[in-house]
1. Look at segment 71-90 and say how many of its residues are under 23 Å from T213 (Cβ atoms) and either open to solvent by 20 Å² or more (accessible area, probe 1.4 Å) or touching an Asp or Glu at 6+ places or on another chain (Cβ under 7 Å) (or both).
2. So which residues in segment 140-157 are more than 14 Å from F204 (Cα to Cα) and either of a type in the set (F, W, Y) or open to solvent by less than 40 Å² (accessible area, probe 1.4 Å) (or both), if there are any at all?
3. Might you let me know whether segment 170-181 holds any residue that is open to solvent by 80 Å² or more (accessible area, probe 1.4 Å), under 20 Å from S71 (Cα atoms) and of a type outside the set (A, V, I, L, M, F, W, C)?
4. Return the residues of segment 200-222 that are part of a strand (DSSP E or B) and crowded, with 21+ Cβ neighbours inside 10 Å; say none if nothing qualifies.
5. Inside segment 209-252, can you point out the residues that are over 30 Å from D96 (Cβ atoms) and in contact with a Phe, Trp or Tyr (Cβ under 9 Å, 6 or more places away or on another chain)?
6. Tell me which of these S195 doesn't satisfy, since it passes every other one: (1) among the hydroxyl-bearing types (S, T, Y); (2) surrounded by 16 or more Cβ atoms within 10 Å (Cβ to Cβ); (3) part of a loop (DSSP other than H, G, I, E, B).
7. Can you name every residue in segment 61-117 that is in a loop (DSSP other than H, G, I, E, B), among the polar types (S, T, N, Q) and without any contact (Cβ under 8 Å) to a residue 40 or more places away in the chain?
Amino acid sequence: MPSQTGIITVRGTTGNTTFYKRKNGFGMRAKGGVDAKRIQNDPAFIRTRENGHEFGRAAAAGKLLRNALNSVLKQVADNQVGNRLASLFNRVIKTDTLNNRGERKVPEGELGFFKGFEFNANSPLSTTLYAAVTAAIDRASGAATVTIPAFVPEKYLATPTGATHYVLTAIGAEVDFDNGTSVHALSSSGEMPISGQEMPPVNFVIDLPPNSTKPLFLALCIEFVQEVNGRFYGLSTGQFNAMSMVAVDKAA
């Protein structure tokens, strides 16, 4: 492998040669890869084009779902959630049996894969909140419900250091993947003390569009906060907050 010598180093590509930095100095190599125009037009790359189209749809779908849930998600999500959502949407697209390869779409795929999806892989809801969670979506009425029985916070929460209270939030969304639009609604418990006293049951009812023909999603989030002089502050890092998809209803 040729190397660069001297006090002047070069990075980048010129002509058919690429100059780059490596562990023990700087090197150069012949420019590689396939010309973009060839990938776009050569029949030999038809599978590459098909995969590219579908992954593009998966990435767009992931962004759309993130935007629909963003009012809660921004306090919870890990830094890889975008990539993980795109990967799962790509898996969903591949289950579409109605359209040809390269033309498969999210709404025709198996969206049930999203039930149990953790938006913060570092803090799953199942290992943060130990109380049983029941969730359901009634497509006809548009009612999305989450029920949590009475529990003692000190026993049923994996509480991070510094937290004095927690907030439970249920958020539902109708997502139109074909047109790139969404509507959402949410309900929150407000700040609840982390104590040894049993807290009453939590019953969230969220109103989504009735008789919707679009996919419906329902997620539950728990955020930990600290009370200081009567005011509540999020912890310096949201790494202990959790959010999980608790119900999904694909359009018929």
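The values are calculated or read from the model by the stated rules, or taken from the named source; none is laboratory data. Computed from a predicted model, the values in this text were never measured in an experiment. We place every Cβ from the backbone using ideal geometry, glycine too, and count neighbours over all the protein chains shown. We work out accessible area using only protein heavy atoms, side chains counted, and drop any ligands, DNA or RNA first. Shrake-Rupley method; radii C 1.70, N 1.55, O 1.52, S 1.80 Å.
1. 1
2. To start, the set of residues in segment 140-157 that are more than 14 Å from F204 (Cα to Cα) comprises 140-141, 151-157.
Those that are more than 14 Å from F204 (Cα to Cα) and either of a type in the set (F, W, Y) or open to solvent by less than 40 Å² (accessible area, probe 1.4 Å) (or both): F151, V152, P153, Y156, L157.
3. First, pick out the residues of segment 170-181 that are open to solvent by 80 Å² or more (accessible area, probe 1.4 Å): 178-179.
Now narrow it down to the ones that are under 20 Å from S71 (Cα atoms): none.
No, that holds for no residue.
4. Our first condition is that a residue be part of a strand (DSSP E or B); within segment 200-222, this holds for 202-207, 216-222.
If the condition is that a residue be part of a strand (DSSP E or B) and crowded, with 21+ Cβ neighbours inside 10 Å, then F204, L216, F217, L218, A219, L220, C221, I222 are the ones that fit.
5. Quick first cut of segment 209-252, residues over 30 Å from D96 (Cβ atoms) only: 222-242.
Result: I222, E223, F224, V225, Q226, E227, G234, L235, G238, F240, N241, A242.
6. (2)
7. Keep residues of segment 61-117 that are in a loop (DSSP other than H, G, I, E, B), which gives 69, 74-80, 94-110, 115-117.
Adding the requirement that they be among the polar types (S, T, N, Q) leaves 75, 79-80, 95, 97, 99-100.
The answer is N79, T95, T97, N99, N100.
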